[in-house]
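Let me begin by presenting the structure, written as structure tokens, before commenting on it.
Read-outs throughout are calculated quantities, based only on the coordinates presented, and are distinct from any laboratory measurement. Quick caveat: nothing in here was measured; it's all calculated off a predicted structure. When we count neighbours, we look across all protein chains shown, and the Cβ atoms used for this are built from the backbone with ideal geometry, even at glycine.
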Amino acid sequence: MRALRVRQLVFLGVLIGSLAVAGTALSGVINQRAIADTSNVHLKIVRTQANGFDSGWHVHPGVAIVQVQEGSFQIYQGTCTPVTVGPGQTFIEVPHLPVRAIAAGFVNWTSTLITTGYDSPQIALADYANDKNYNPCPSVP
């Protein structure tokens with residue numbers, strides 16, 4: 001009987017400790033929602049070479065990972081100040097956030113696109129925003 005009581009107390013202690021840890025981990029979260037939750041995943045890997053390139057403003061409904069082998073890009077996302085991505089560097093494009101990549105000279109890169117099976121891997125921003133004149137950075141020609 002005493003052994004059963006000790007086991008119950010140990011179990012209760014572990015349960016209370018687990019709840020305290022879970023409460024601490026979630027206490028700072030203000031809002032959380034799933035943007036996509038699917039078992040239908042599409043993976044597309046593309047190697048591209050270009051001499052002068054402008055992707056135009058667009059969005060990705062899923063994750064886009066850009067890895068540069070030669071040359072460099074000026075990538076605009078979330079700000080009107082570009083990030084330079086050069087050989088051996090990787091840039092992860094955030095889903096549903098407008099992005100534009102510009103290369104002045106030769107550039108060789110690999111894009112890894114992860115979307116749901118029914119989404120297009122890239123959508124022109126004008127179509128996404130339903131506004132043909134929308135430009136998140138008017139200072140970028």
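Just a few scattered comments:
- Gain on full extension, evaluated as 0.36 nm per residue between Tyr118 and Asp54 minus their Cα-Cα distance, stands at 20.5 nm.
- Paramagnetic reach from Lys44 (point 7 Å along Cα→Cβ, amide N under 16 Å) across the stretch 83-116: 93, 95-96, 110-116
- Distance between the pseudo-spin-label points of Asn130 and Leu97 (7 Å out from Cα toward the beta carbon): 2.5 nm.
- Pairwise inverse Cα distances across the stretch 83-141, averaged and inverted, put the Kirkwood hydrodynamic radius at 13.9 Å.
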